[in-house]
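**Q** Encoded as structure tokens, here's the structure I'll be asking about.
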Amino acid sequence: MSASTEQAPTKVLVLHGPNLNLLGAREPEVYGKTMLVEIDAMLVTHGAALGLVVECFQSNHEGVLIDRLHQARGEYAAVIFNPGGYTHTSVALHDAIKAIGLPVVEVHLSNTSAREEFRRRSVTGAACVGRIEGFGAESYRLALEYVARRVARG
């Protein structure tokens with residue numbers, strides 16, 4: 001195949017919200033002992049096996065996450081997003097997810113439905129194509145497999 005007819009690899013953006021940079025040390029009884037760098041490495045490797053290029057990004061700042069969602073338009077086929085604590089509060093992230101026109105899968109390590117009352121409502125999830133939660137780091141892998149199948153369907 002010539003270079004002009006080769007198709008660019010399908011790219012997936014994985015966004016991690018606030019405090020996820022502390023995974024492995026922060027409440028391991030809730031979030032597990034797997035560090036964020038390990039989750040990212042697993043996603044990149046598993047993504048490659050699925051024919052995807054996975055790029056990961058973490059920020060503790062709502063505006064930075066909004067900017068990354070906006071930048072995803074035209075560059076990525078889908079987004080996997082763990083908004084962390086913003087899940088329950090951020091109308092701005094909800095609106096950004098809706099505005100970009102990409103499938104976004106919300107991911108959580110813990111089962112938010114089984115936790116404190118305030119964690120049971122997802123403001124951002126209402127703008128996503130679906131949510132995967134409660135399976136620890138495997139939640140991300142499951143989301144990536146869904147995205148791979150969705151992208152393959154076109």
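The values are calculated or read from the model by the stated rules, or taken from the named source; none is laboratory data. These numbers were taken from a predicted model, which means no experiment stands behind them. Cβ coordinates were reconstructed from backbone atoms using ideal geometry, including for glycine residues, and neighbour counts include every protein chain displayed.
**Q** Checking the condition over 15 Å from Val54 (Cβ atoms) and not basic (Lys, Arg), which residue from Ala78, Ala126 passes?
**A** None of the others qualify; the one that does is Ala126.
**Q** Okay, next question. Do we find that Thr5 is closer than 18 Å to Ile132 by Cα, part of a loop (DSSP other than H, G, I, E, B) and modelled with pLDDT under 95 in this structure?
**A** Against the criterion (closer than 18 Å to Ile132 by Cα, part of a loop (DSSP other than H, G, I, E, B) and modelled with pLDDT under 95), Thr5 does not qualify.
**Q** In this structure, does Val107 turn out to be buried (at least 17 other Cβ atoms within 10 Å of the Cβ) and either modelled with pLDDT under 90 or farther than 22 Å from Asn19 by Cα (or both)?
**A** So Val107 does not fit the description; no.
**Q** Run Glu29 past the list (1) more than 14 Å from the chain's Cα centre (by Cα); (2) assigned to a loop (DSSP other than H, G, I, E, B) and report the number of the one that doesn't hold.
**A** The number of the failed condition is (2).
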